[in-house]
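See structure below.
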Amino acid sequence: MALRFIDGFDHYTTSSQLPYKYNIVCSSSYAALDAGRRSGSQALRVYSSSGYVAKTLGDQPTWIVGAAVKLESLPSSNGPVFAFLDGNGDSQACLCVSSTGALVLKRGSSSGTTLATSNNALLAGVWNFIEAKITVADSGGIFSACVNGQEWVTYTGDTKYSSYYAYASSIKLNGMPSIVKVWYDDFYICDGTGSVNNDFLGDVRVDTLFPSGIGNAAEFTPTGSANNWENVDDASPDEDASYNVSDTVGKKDTFSLSDLSALDSSVFGVQENILARKDDAGTRLLRGLVRVDSADHEGGDLSLGDSYGDFTQIWEKNPSTSVNWTESEVNAAEFGYKVQS
């Protein structure tokens, strides 16, 4: 798998819900939800160097990340957009915006060694799709960045800041120095493994679809609403106010979802988000599943904790055909979950 994570920020209603999905989140006073780059969409807004979120996905030498980014104003000094953190939480490298709007590749933190600087410059108040790709290495490492599908800056050489780790584990979306607001939308993360989605994806968007009806299976016991799908269609998670529950191995729920708006473009992957917890001691495993062409396809084991967490399952390709999803196939599919053990 190369596509590891996506977020369009459309299924939150307050920044207090970000810890469901992100491993590191700043104080809510420095993060908020705001209007996104498309009509009706949301974005994450952070400000000052105290604003950030980070997603930990495991140790990999190569990462590719992208997001639509808008800056309220240019920072007073180099401000990080994406930072690549090692196992200690230290920055191996980061992509920064300078006070002139140039993109700056840094080894280490925003105050670290400058590796390369772009000739082009960003403008404040404008959405741009910014991507960065890094391979962490003492020598032969690669660090490059694109804006709106065009490469702006690249470097080959020493991209490893850590004395110990030749990898990054977490991707961090940052605020800027001083009180500069930054908006992030349509965020993706890929790693360098696999044969697809292991390079820049270009300017992409993330569409959020909610359950809209009953699917082939409704085997969990509903609480809150009579119909299973109505307990999981919340734009704002209400945890134990409405939910579906089962302790029987093999039980499933599946749901039809709202349709994608007309894309006329490629679908790089589908990510299912399941907000779940267990309610007793012992190990409890859940699996995400997708139903395509009258057959259920299961994802990997998801180990639940006592508190609610957002568990993701990505299908880069249609599991029924083993080729890229089409818009009509996504719209026809059902998504759900199964008690594994």
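Tell me, which residue of segment 176-190 that is part of a loop (DSSP other than H, G, I, E, B) and not polar (S, T, N, Q) is surrounded by the most Cβ atoms within 10 Å (Cβ to Cβ)? Looking at residues that are part of a loop (DSSP other than H, G, I, E, B) and not polar (S, T, N, Q), I get M176. When residues in segment 1-11 are screened for being open to solvent by less than 10 Å² (accessible area, probe 1.4 Å) and either under 15 Å from R38 (Cβ atoms) or modelled with pLDDT under 95 (or both), 4 of them pass.
When G112, G108, G79, G66 are checked against the criterion of being open to solvent by less than 50 Å² (accessible area, probe 1.4 Å) and on the phi > 0 side of the Ramachandran plot, a single residue qualifies: G108.
Of the residues making up segment 115-126, those that are open to solvent by less than 70 Å² (accessible area, probe 1.4 Å) and not in a strand (DSSP E or B) number 4.
Contact map, segment 313-340: first residue farther than 24 Å from T221 by Cβ, second residue of a type in the set (D, E) and surrounded by fewer than 20 Cβ atoms within 10 Å (Cβ to Cβ), Cβ cut-off under 6 Å, separation 6 or more or different chains; pairs are N318/E329; S320/D293; N331/D259.
Do we have L74 as in a strand (DSSP E or B) and touching a Leu at 6+ places or on another chain (Cβ under 9 Å) here? Judged against the criteria, L74 is not a match. So, L105, is that one under 21 Å from K21 (Cβ atoms) and of a type outside the set (F, W, Y) or not? Answer is no for this residue. Only residues that are touching a residue at least 12 places away in the same chain (Cβ under 8 Å) and either surrounded by fewer than 16 Cβ atoms within 10 Å (Cβ to Cβ) or basic (K, R) (or both) were counted across segment 35-55, and they come to 5. Selection of segment 246-263 for residues being modelled with pLDDT of 95 or more, among the hydrophobic types (A, V, I, L, M, F, W, C) and exposed (fewer than 15 other Cβ atoms within 10 Å of the Cβ) yields only V249. The one condition from (1) under 22 Å from D10 (Cα atoms); (2) open to solvent by less than 20 Å² (accessible area, probe 1.4 Å); (3) acidic (D, E) that E230 does not meet is (2). Only one entry in L260, L209, L201, L173 is more than 21 Å from R291 (Cα to Cα), in contact (Cβ under 8 Å) with a residue 24 or more places away in the chain and outside any strand (DSSP E or B), namely L201. Restricting the search to segment 264-295, which residues are under 25 Å from G194 (Cα atoms), in a loop (DSSP other than H, G, I, E, B) and open to solvent by less than 70 Å² (accessible area, probe 1.4 Å)? Passing the criteria: V267, G269.
Yes or no: segment 322-336 includes at least one residue that is in a helix (DSSP H, G or I) and either hydrophobic (A, V, I, L, M, F, W, C) or farther than 17 Å from L260 by Cα (or both). Looking for residues that are in a helix (DSSP H, G or I) and either hydrophobic (A, V, I, L, M, F, W, C) or farther than 17 Å from L260 by Cα (or both), one finds at least one in segment 322-336, hence yes.
Summed over segment 194-227, the residues that are within 30 Å of E151 (Cα to Cα) and open to solvent by less than 60 Å² (accessible area, probe 1.4 Å) give a count of 11.
Checked against the criteria, V292 counts as hydrophobic (A, V, I, L, M, F, W, C) and more than 24 Å from F187 (Cβ to Cβ). Restricting attention to segment 296-319, the residues that are open to solvent by less than 50 Å² (accessible area, probe 1.4 Å), assigned to a loop (DSSP other than H, G, I, E, B) and hydroxyl-bearing (S, T, Y) total 1. Being farther than 24 Å from A2 by Cα, aliphatic (A, V, I, L, M), assigned to a strand (DSSP E or B) and touching a Leu at 6+ places or on another chain (Cβ under 7 Å) is the requirement here; does L105 meet it? No, not satisfied.
From the list Q42, Q60, Q17, the one residue that fits, being farther than 27 Å from L105 by Cβ and modelled with pLDDT of 95 or more, is Q42. Looking at the structure I just gave you, is G89 touching a residue at least 40 places away in the same chain (Cβ under 8 Å), over 20 Å from S178 (Cα atoms), open to solvent by less than 60 Å² (accessible area, probe 1.4 Å) and outside any strand (DSSP E or B)? It is true that G89 is touching a residue at least 40 places away in the same chain (Cβ under 8 Å), over 20 Å from S178 (Cα atoms), open to solvent by less than 60 Å² (accessible area, probe 1.4 Å) and outside any strand (DSSP E or B).
The values are calculated or read from the model by the stated rules, or taken from the named source; none is laboratory data. Everything quoted here is computed from the prediction, not taken from an experiment. Cβ atoms come from the backbone with ideal geometry, glycine included; neighbour counts cover every protein chain shown. Only protein heavy atoms, including side chains, enter the accessible area calculation; ligands, DNA and RNA are left aside. Shrake-Rupley method; radii C 1.70, N 1.55, O 1.52, S 1.80 Å.
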